[in-house]
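J.: Structure in structure tokens, see below.
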Amino acid sequence: MKNKLLTALFLALIFSSCSNENTSSSENNTINKAANRQATGSSANDLLSDNVFKSITIEIVYVEGFEPTQTAVDNFISFLTDRTNKPNGIVTEKRAIASPGKDVYTINDIADIEREHRKYYNTEDDIAVWAYFSDGKSDSDSEENNTVVLGSAYWNTSFVIYEETLQGFSNQPLEPKRWLLESTVINHEFGHIFGLTNLGSAMQSDHEDTEHPKHCNDEDCLMYWATESSVGIGNMANRNNVPQLDAQCIADLQANGGK
């Protein structure tokens, strides 16, 4: 087991862009790209409820050679199905792109990749999600602190998984199965997009970890800060199931339109 602290990093950031990047027109239909470039957690109700959006489109884009396992994709869809009210269902599209050619990516680099390659944005009754699986590593990795970043939620419908880094910590002796680590990081990041913890879905009880804000204080919860820590990863080596949300986090989602 590699002796590093593995983290899933959420970044509640809004990146500035020119107005002509935020809208585009096709056959007299205007796409408001800015609606998918808001703060992490701000679209929690739109994702959870059927008040406005009746379906979800998941756009899964990966760098060639770093495709997520189908098991992880299936687990992600199950996670969404269990927690969202979408009578018209959830649709996925998966495709590969060439490497952008960097060894290290800032979150602004990741956002620029999305701007270049994202095809789907919100429509009248469908909310679109961008899921990117990257080569290289995050610039937030720290040799000094012995930490690496596995994933980041950075906009209201966008997250990145650093798949090359993740592959280096899975499918080896004393390491978790790749699909299990992928599923854990994907679901954890989307938990932040769902507004957990105290990030857009109001807490129904006091369960935010004061030492690790925007994370749950239940050690067994998917949203516990150490879910991807060296301790958590070590424990995953001997398990075959993905960590689940605890009752407190589920109550927050239910109060915000979810199941």
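J.: Below 8 Å between Cα atoms, with a sequence gap of 6+, how large is the relative contact order for the chain in percent? Walk me through the intermediate numbers first.
T.: Details: 549 pairs, mean separation 69.4, N = 259.
Averaging sequence separation for qualifying contacts and normalising by length gives 27 percent for the chain.
J.: Okay, helix-only estimate at 222 nm for the chain: each DSSP H run of n ≥ 4 adds -39500 (n - 2.57), divide by all residues, round to 500 deg cm²/dmol; what do you get? Walk me through the numbers on the way to the answer.
T.: Details: 8 runs with 71 residues, N = 259.
Value at 222 nm, helices only, nearest 500: -7500 deg cm²/dmol.
J.: Can you give the direction-averaged projected area of the convex hull of the alpha-carbon atoms in the chain, in nm²? Write out the running numbers ahead of the final one.
T.: On the way: hull surface 53.9 nm².
Its Cα hull, projected and averaged over all orientations, spans 13.5 nm².
J.: So if each residue of separation counts as 0.36 nm, and I subtract the Cα-Cα distance between E116 and A34, what length gain in nm does that give?
T.: Values: separation 82, 0.36 × 82 = 29.52 nm, distance 1.43 nm.
Full extension of this stretch gives 28.1 nm more.
J.: Something else now. Report the gain in length on full extension from D74 to V52: 0.36 nm times residue separation, minus Cα-Cα distance, nm rounded to one decimal.
T.: Values: separation 22, 0.36 × 22 = 7.92 nm, distance 2.51 nm.
Between D74 and V52, full extension yields an extra 5.4 nm.
J.: Quick check: the distance between the Cα centres of the stretch 95-125 and the stretch 156-180, to the nearest angstrom?
T.: So the separation of the two Cα centres works out to 19 Å.
J.: Taking DSSP loops as anything outside H, G, I, E and B, show the longest stretch in the chain free of GluC sites (Glu not before Pro) there with at most 10 other beta carbons within 10 Å.
T.: Details: sites that count: E27, E64, E124, E143, E144, E211.
Longest site-free region, per DSSP loop and neighbour criteria: 145-210.
J.: Related question: Report, by chain and number, residues whose modeled amide H sits under 5 Å from the one on G151, excluding near sequence neighbours (fewer than 5 apart, same chain).
T.: Amide H to amide H, under 5 Å and 5 or more residues apart or across chains, G151 pairs with L9, Y162.
J.: Moving to a separate point now. Can you run phi through the Karplus equation (6.51, -1.76, 1.60; θ = phi - 60°) for the stretch 131-146 and list ³J(HN,Hα) in whole Hz, with x for Gly and Pro?
T.: Values per residue, Gly and Pro as x: 10, 10, 10, 9, 7, x, 9, 7, 6, 7, 4, 9, 5, 4, 8, 6 Hz.
J.: Next question. Let me know the number of lysine pairs in the chain closer than 17 Å at the Cα, not counting same-chain pairs under 8 apart.
T.: 9
Read-outs throughout are calculated quantities, based only on the coordinates presented, and are distinct from any laboratory measurement. This one's a predicted model, so the numbers in the text were calculated from it and none came from an experiment. Note that each Cβ is placed from the backbone with ideal geometry, even for glycine, and that neighbours are counted across all protein chains shown.
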